[in-house]
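Only one structure is covered here, and it is reproduced in the block below.
Read-outs: derived from the displayed coordinates by stated rules, not from any lab. Just so you know, these numbers come straight off a predicted model, no measurement behind them. Every residue, glycine as well, gets a Cβ built from its backbone with ideal geometry; the counts of neighbours run over all protein chains shown.
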């Protein structure tokens, strides 16, 4: 199992202090921020992107971004985890947009099989707010598209299987889902 399931209790103050240290180009502070937040941010990237590989790439970009932009973090405007999660979400969505045309057919379930460790203080701050927003945004989609996205991302169905079930060409299903994801992105960002 390794130590992947250790829940690190972390205070908002501690994370804020570490981000301030990153802003003054303290590499050890960046390592701390990574250790404290990478599991959560990887989860965000993986939920938006489809493959572990893409999510890992984006996660690296996120921390490079944090290194360069830590001085723009303002604890009065957002909690550190919300600020970090926003960077992760935006980077992942940008990557999704650039790979959209290459989304391929294969089972997605293994990619979404991330065990969220028991929610620590860090997780709880954002989880419920995120899920409520995601639900609201999903509910605004056309029902058939919403159901297809749910099946693809949470039910582990391939585009081919979804297309067969809906009696439509696989390419049409891909277009539907891509369009739905873009609408979802616009809603989550508004």
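Here are the numbers:
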| quantity | calculated |
| --- | --- |
| Computed lengthening from residue 82 to residue 190, 0.36 nm per intervening residue step minus Cα-Cα distance | 37.3 nm |
| Sequence-separation-based contact order of region 9-102, relative, with Cα cut under 8 Å and 6+ spacing, percent | 36 |
| Three-way shape label, region 9-102, alpha-carbon gyration tensor, a/c 1.5 | prolate |
| C-alpha center-to-center spacing [region 140-190, region 15-57] in angstrom | 29 |
| Ranked by how many other beta carbons lie within 10 Å on average, peptides 180-187, 160-167 from highest | 180-187, 160-167 |
| Modelled FRET efficiency - R0 25 Å, residue 38 with residue 135, Cβ distances, 0.05 increments | 0.45 |
| By average C-beta atoms within 10 angstrom, highest first, the peptides 29-35, 74-80, 42-48 | 42-48, 29-35, 74-80 |
